[in-house]
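Derivation of every value follows stated rules applied to the coordinates shown; laboratory data play no part. The structure displayed is predicted, hence computed values, not measured ones. Cβ placement follows ideal geometry from the backbone for every residue including glycine, while neighbour counts extend to all protein chains displayed.
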Amino acid sequence: MTRVIGIDPGSRRTGFGVIDVHRTKLTYVASGVIHLKERIFSDRLKIIFDDLSGILDQYKPEQMSVEEVFFARDPRAALKLGQARGVALLAGVKFGIDIGEYSAKSIKLSVVGSGSADKRQVQLMVTTLLELSSPPPEDAADALAAAICHAHSMTTNLTLKGSLKNSYARGRNN
């Protein structure tokens, strides 16, 4: 079993979602949103780091999935998002966690089947895949979707590695 945390970074709200992965079985562990009130930006970054560090310490994931920065019309907003993302990555590195980074499109494609899915579709699929009784908040759902995307990627990589290891072509090239 592998524990995966997904992070949906934001300078106003940072979502997190923790799942356990056993082969192809996904099990919900926890999720939530770090709400960042109107404060000096550097203080918000410290809150993200401190709160994520506490979450990482509590749930002890072995893998982390972080959504990549997407194109933003406002360059200042993109920079702030990038800084929030950097703080999340730093927290993962501090705890020695393996980190995967995925575009929003890749995450949506992995979870919903469409890279252009809207937030409501992501919430509904996360609810279905993790057998939740109700949809999580948007930012938590996005973080859980990032964790699910990483889990799918892990499963695919293990399957491919096993297929190559046992294939005639690989044996012939050794």
On Cα atoms only, tilt of 138-165 relative to the major axis of the chain in degrees | 20 degrees
To the nearest 10 degrees, how steeply does helix 41-59 sit against the main Cα axis of the chain, on a 0 to 90 scale?
-> 40 degrees
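Could you give the length gained on full extension between D50 and R76, defined as 0.36 nm per residue of separation minus the Cα-Cα distance, in nm?
On the way: separation 26, 0.36 × 26 = 9.36 nm, distance 2.36 nm.
Result for the pair: 7.0 nm of gain on full extension.
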If unit charges are put on Cβ atoms (+1 for Lys and Arg, -1 for Asp and Glu) and the dipole of the range 11-161 is taken about its Cα centre, the option from T128, I107, I19 lying farthest towards the positive end turns out to be I107
Tell me, in nm to one decimal, what length is gained between K119 and S133 on full extension, where the rule is 0.36 nm per residue of separation less the Cα-Cα distance?
-> 3.3 nm
Would you work out which of L81, A140, I97 lies farthest towards the positive end of the dipole of the range 2-169? Charges go on Cβ: Lys and Arg +1, Asp and Glu -1.
-> L81
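Roughly speaking, what % of Cα-Cα pairs in the chain are separated by over 21 Å, rounded to a whole number?
47 percent
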With springs connecting C-alpha atoms under 10 Å apart, model the chain as a Gaussian network and identify which of Q121, Q58, Q83 has the largest mean-square fluctuation.
-> Q58
